[in-house]
Amino acid sequence: MLTVSEAIRQRRSIRSFRGDPVPDDMVNEILEAARLAPSASNRQPWRFMVVTDGEEKARLRKICLDQAFIEQAPVVFVCCADLTAYSESSRKKRAQEFIDYGVTETLSGRFADPAYRASLLAEPDPDLGIFLTAAVANTYIAIEHMVLTATALGLGSCWVGALGNPGEIEALFGLPETTLVVAVLPVGYPTVIPPPRPRISLSEILLRLPATLSK
Ligand SMILES: Cc1cc2nc3c(=O)[nH]c(=O)nc-3n(C[C@H](O)[C@H](O)[C@H](O)COP(=O)(O)O)c2cc1C
């Protein structure tokens, strides 16, 4: 298995897969990498479907702008965000875990103030729609864990964010309206590993140069 640094450097978006199946233990390892991802207040909004059925993959391909590699991949993860992870009951459960696991003692600033934490906990059950951005952002973290783990296992993958019309994949799988598909991730053995794709330079991404790098 590759190191994290090796996986980051060797990862490519793979859009052509061999026919070989992905072993179950690798599928499990990829899901475990998602499960262990960090999330704000440990809400863990990510949910997944593992799709290997040819007909379902063909339907996904059609919905996702007819991208052929989705159907070709031996396994496709449909990556979802569950807004109920932000419900009042989930909020209380996660807050209790923070106490049980000693996390509250490690918090800092206003989060270390029991009164402030109690006020957050006492807020009424919110409209879950306001958590859409948080749910997607946190699920994306878990998906990138999956991508890097697939690479480390010698597999290829490609993020698919082109999900067709809103609600189409959710309807295909009969998902509840609080569960939103945020990306599709086809995974398999690559037919070829392409060279690295271009990236903008360090100076372009640094809004301010630290003094040590400015010389
Ligand atoms: C959120 C997200 C959505 C993406 N959606 C698609 C997609 O629908 N189809 C596709 O072929 N590539 C998709 N990509 C892959 C990007 O095109 C690719 O990451 C980028 O061109 C850089 O190439 P690399 O991943 O090989 O380094 C997506 C990537 C991300 C992060």
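The values are calculated or read from the model by the stated rules, or taken from the named source; none is laboratory data. Being a predicted model, the structure only gives us computed values, none of them experimental. When we count neighbours, we look across all protein chains shown, and the Cβ atoms used for this are built from the backbone with ideal geometry, even at glycine. SASA here: full protein model, heavy atoms, side chains in, ligands and nucleic acids out. Shrake-Rupley method; radii C 1.70, N 1.55, O 1.52, S 1.80 Å.
Criterion first (touching a Lys or Arg at 6+ places or on another chain (Cβ under 9 Å) and farther than 15 Å from residue 76 by Cβ) does residue 210 satisfy it? Considered against the rule, which asks whether it is touching a Lys or Arg at 6+ places or on another chain (Cβ under 9 Å) and farther than 15 Å from residue 76 by Cβ, residue 210 comes out as no. Checked against the criterion of being exposed (fewer than 14 other Cβ atoms within 10 Å of the Cβ), over 21 Å from residue 87 (Cα atoms), among the β-branched types (Val, Ile, Thr) and within 11 Å of the ligand (Cβ to nearest atom), the candidates 143, 193, 205, 200 yield just one match: 193.
If you take the residues of the stretch 45-80 that are within 13 Å of the ligand (Cβ to nearest atom) and part of a strand (DSSP E or B), which of them is surrounded by the fewest Cβ atoms within 10 Å (Cβ to Cβ)? Among those residues, the one meeting the criterion is 79. Looking across 174, 156, one residue alone is loosely packed, with under 10 Cβ neighbours inside 10 Å and in the same structural domain as residue 46 (by TED's automatic domain parsing). It is 174.
Residues in the stretch 81-111 that are open to solvent by 70 Å² or more (accessible area, probe 1.4 Å) and outside any helix (DSSP H, G or I) were compared, and the one that is nearest to residue 184 (Cα to Cα) is 101. Just to be sure before I move on: is residue 25 more than 25 Å from residue 138 (Cβ to Cβ) and assigned to a loop (DSSP other than H, G, I, E, B) in the structure I sent? Taking the combined requirement at face value, the residue does not satisfy it. One residue alone among 60, 2, 36, 65 is closer than 19 Å to residue 179 by Cβ and at pLDDT 95 or above, and that residue is 60. When only residues in the stretch 15-40 that are within 16 Å of the ligand (Cβ to nearest atom) and farther than 21 Å from residue 80 by Cα count, which is least open to solvent (accessible area, probe 1.4 Å)? Selected residue: 17.
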